[in-house]
Amino acid sequence: MLRNMFKSIALVLCLAVAMPLATPVLAVQPDEVLDDPVLENRARELSKGLRCVVCQNESIDESNADLARELRLVVRERLVAGDSDQEVLNYLVERYGEFVLLKPRTDGWNIILWLSGPALFLLALGVGIVYVRGRASATARTETGLSEEEAARLKEILKES
């Protein structure tokens, strides 16, 4: 019995040590990797910023979807053809729309979306401050006592019960 307990403790300790060492496996296949390490690093960096259109919350570097593989290959083909990083991104945005970018651009109409969150927060903060200051400066309600008629009626009711 004591021996089984030591085995269990050893297993738990091994798992506790091994879990932090576990890292996510990237979906890039060996046949996709470019021979030029500089181009491969550029492709990996670009792939980390591109959304898998199928998975939607994964980059194409992490996704195992067929479309993500095709996008990784397109990125590598464009880089081998001599395109700059921005030209590759522009090509993919033209083809798939801005949704393909994990971090949307902050120019054009998107600036409205980027600024609306902080603007609404400041508006809500201002409304809250005005409300709190208004409540603080408001006069408190004063309770008026019972009139003589109401007091007499109350005594009458209490006598009956």
Counting only residues 5 or more apart in sequence or on a different chain, those whose built amide H sits under 5 Å from that of S59 are C52
Residue by residue through region 118-129, the couplings from Karplus 6.51 cos²θ - 1.76 cosθ + 1.60 with θ = phi - 60°, in Hz, x for Gly and Pro, are x, 5, 5, 5, 5, 4, 5, 5, x, 4, x, 5
If one builds a Gaussian network model of the chain from Cα atoms under 10 Å apart, the most fluctuating residue listed among L113, L50, L67 is L113
Applied in sequence order to region 74-85, the curve 6.51 cos²θ - 1.76 cosθ + 1.60 (Karplus, θ = phi - 60°) yields integer Hz couplings, x standing for Gly and Pro, of 4, 4, 5, 4, 5, 5, 5, 6, x, 5, 7, 4
Largest-first semi-axes in Å of the equivalent ellipsoid built from the Cα gyration tensor of the chain are 65, 35, 14
Karplus ³J(HN,Hα) for region 36-52 (6.51 cos²θ - 1.76 cosθ + 1.60, θ = phi - 60°; Hz, whole; x = Gly/Pro) runs 7, x, 5, 5, 5, 5, 4, 5, 5, 5, 5, 5, 5, x, 10, 7, 6
Note: T142 to E40 extended length (0.36 nm per residue) minus current alpha-carbon separation gives 29.1 nm
Long-range amide H partners of L101, meaning residues 5 or more apart or on another chain whose placed amide H is closer than 5 Å, are R51
Mean separation of Cα contacts under 8 Å (at least 6 apart) over the residue count of region 25-100, i.e. the relative contact order in percent, is 30 percent
If one builds a Gaussian network model of the chain from Cα atoms under 10 Å apart, the most fluctuating residue listed among I112, I129, I60 is I129
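Computed from the coordinates by the stated procedures, all read-outs in this text should not be read as laboratory data. Here the structure is a predicted model, which means the values were calculated and not measured.
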